[in-house]
1. Restricting the first residue to the range 235-263 and requiring it to be farther than 15 Å from L297 by Cβ, which pairs with a second residue that is β-branched (V, I, T) and not in a strand (DSSP E or B) meet a Cβ separation below 8 Å and a spacing of at least six or different chains?
2. With assigned to a strand (DSSP E or B), more than 16 Å from P565 (Cβ to Cβ) and more than 60 Å from the chain's Cα centre (by Cα) as the only criterion, which of L652, L602, L627 stands out?
3. Restricting the first residue to the range 66-81 and requiring it to be free of Cβ contacts under 8 Å to residues at least 40 places away in the same chain, which pairs with a second residue that is in a strand (DSSP E or B) and basic (K, R) meet a Cβ separation below 9 Å and a spacing of at least six or different chains?
4. Quick check on my filter: what residues within the range 671-694 are more than 26 Å from K458 (Cβ to Cβ) and buried (at least 16 other Cβ atoms within 10 Å of the Cβ)?
5. Identify, from the list G288, G294, G271, G267, the residue that is closer than 22 Å to I191 by Cβ and either modelled with pLDDT under 95 or outside the structural domain of N357 (by TED's automatic domain parsing) (or both).
6. Quick one: is V226 hydrophobic (A, V, I, L, M, F, W, C) and modelled with pLDDT of 95 or more?
7. Could you look through the range 197-253, keep only residues that are under 60 Å from the mean Cα position of the chain (by Cα), of a type in the set (S, T, Y) and assigned to a loop (DSSP other than H, G, I, E, B), and pick out the one that is farthest from G358 (Cα to Cα)?
8. Does any residue of the range 101-115 turn out to be more than 30 Å from E141 (Cβ to Cβ) and more than 60 Å from the chain's Cα centre (by Cα)?
Amino acid sequence: MGWTWFLFVSVCECWRLPRSEPVMHGEIQSPQYPRPYPPSQLKQWDLQVPEGYQIQLTFTHLDIEASTGCFYDSLTVLYDQNILGKFCGQQNSTDGHHPGNQPILFPGNRLTLVFQTDDTNPELQQNIGFSVYYQAIDMDECSEPDPADGSAPPCSQICLNTPGSYLCSCHHGYELRTDHRTCVLSCGGGIFDEPEGHLTSPGYPDQSPHDLSCQYIISVEPGFTVTLNFTDNFHIESIDTDQGPTCLYHWLQVTIPEREPMKLCGGKSPGLMITESNTVTLDYHTDGTGLSHGWSLNYNTHRVKCPSPGVVAKGKVTPVLPEYLYRDYIYVRCDKGYKLMMDGRELVSFSDMCQSNGQWHFSLPECQIIDCGEPEPLLNGGVTFISGSQNQYRSVIQYHCNEPFYSLLGGVNVSYTCAADRKWSDNNDIHAIPKCIPVCGKPTKLLSSFQRILGGAKAPDNTIPWQVMLKVNGGKGGGMVIGDHWVMTAAHNLVDKGVTASEKKVYMGSNDVELMTTSPVDVASLHVHPKYKNLDNLDYNNDIALIKLQHPVTFNSSIMPICLPAEGFTYTEGLLGLISGFGLMEKNGSRMATNNLMYVQLPVVEQAVCRKSINEAKEIYSSLPSLTDNMFCAGVPEGGKDSCQGDSGGPLAIKQGGQFWAAGIVSWGIDCGQKGRYGVYTRVANYLGWIINTMQAN
């Protein structure tokens, strides 16, 4: 049954992929595949892949009724109406035309597949048809042979294959024309920005082409200068004149910014040319006639040089180099004891870089001597400059205390030096300043003689500076200063039958009652000995208390602490004690309140004598306190010298080693100054631990 494929075009079914979106691969199968194909079929597939690609077909199966020339059933491959292949048969059939198992690459990016079958013996048809995979294969335009029709190859010099296309390039010394295919001799190398390189004129060392106008620009980064070194083989046509060769028709012009351009020609090489610029332009010119063989040069670059940075007084500039070039860094460090200063402000560090213009970015800083600031003030003391000035490095100071009322802890004057860390330090690198401790028991004025309190004379000013007067709930008592915050007194001054006094005022600093009472000292807290339990006024054991002041007292001639007794102090019989107070005094046989501080000197009484005196008194008086080991007596057997009401809490001071010590506290007695009777005092030495612990804890 004869036919031709174009008779059926008008009735065939066609499948076309959108041309706007060409695909890269796909699969095509005969109708009903993998079941036998039906008769009377005419199917057409139009395949297209992107430009620059070819279509490759790979048959995974082909079983079409075999016939000579594939006359009855066939799969035909066409390109632009030209038959590229016609297939039928089975893999091992002797007739037909089977494509085999190898891929088939077709030219171009478009193909048409036509599958046609006849209508003979449809009931016997058992051939299953075909399945074919198509894919886009990159076309290697560069490997194609030169066209036989005499047209130009894709590229005149270098062809570079790319996916779907190709690129043309040129050899050194040539450039690509605007057609992007052909190359012409290059005349100008563009911009050369590498730190070194080599340039030659076109055709060198052979004759330069005519009508050249070539430009070469050497431009490296700022901070570098270009040096040109022409080779000896240099020849540019010139006209000889009496003044030398003139570059009239051919020349090489060297242009350096901010300088007059320079034309070169003749047969002598310019040799080494230092431009001192980072940009040089070379313009090579030839006209339509004449002969020049051109030129060749090597260029390199050097870093810009900066001036020597100079020196810094009391500092160092590092590193020290023979010359300083672009991007070299310098650092400035000051000598020990000096600081970096610039424009009135201190710098932590300083560095600078040689810039591309051959200048340093900053001027050098200064090194100024450091200072440690004003020495920390010393409470109750001062500071003296030994050497140096303005608290500067290595200045030496010495602290001192306000003598004779304070002394340095340890008793040794220590010098402090302004160190490099800007702190005042002693020889052991200790920064803490010394401490002034009060001087105790050393009045600036000493008593010339001792008088009686009871009927005695008043004490001269500044002779008993530790004396304190108390006013408690309307009554009067005594006390003594033992620290800048502390007064020691008798417990019964502050507690009456277990009740702590609500009104309490402390006075000090004068021997005149009227003058002293104008300036009371504020009280912060009361600290009565915890074992004092005198509920019936018959138990004066542990009759001791401390008063903490609200503000510290500054000691002077009129206010000074009395010393506490040493550990293990012994109350030896006959040891003379100084008793003072503002209590009752005797005048013309009468007792009256005094407006002045009174004093008397009395000896310590042997404890057995004191106890006997009290026991004898108990035979007369039904209710009297008892003597304990925390008490001692002082007085004379003939009487007439004693403490009295209003003196309670005051001191019994014993002078030893040039200082007065608080040996006792006026506590109680049987009347005042009677013959055979003695005053009873709290034994302070028994309470040293409690006194010190209380002051430290509060």
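The values are calculated or read from the model by the stated rules, or taken from the named source; none is laboratory data. Since the structure is predicted, the reported quantities are computational estimates derived from the model, not experimental observations. We place every Cβ from the backbone using ideal geometry, glycine too, and count neighbours over all the protein chains shown.
1. What qualifies is E237/T286; Y249/T286; Y249/T289; H250/T286.
2. L602
3. G69/K86; C70/K86; V77/K86; Y79/R110; D80/R110
4. Residues of the range 671-694 more than 26 Å from K458 (Cβ to Cβ): 676, 683, 685-694.
R683, A685, N686, Y687, W690, I691, T694 - these are the residues of the range 671-694 that are more than 26 Å from K458 (Cβ to Cβ) and buried (at least 16 other Cβ atoms within 10 Å of the Cβ).
5. The match here is G294.
6. On the way: hydrophobic (A, V, I, L, M, F, W, C): yes; modelled with pLDDT of 95 or more: yes.
The answer is yes for V226.
7. Among those residues, the one meeting the criterion is S201.
8. Within the range 101-115 (the criterion being more than 30 Å from E141 (Cβ to Cβ) and more than 60 Å from the chain's Cα centre (by Cα)), the answer is yes, since at least one residue qualifies.
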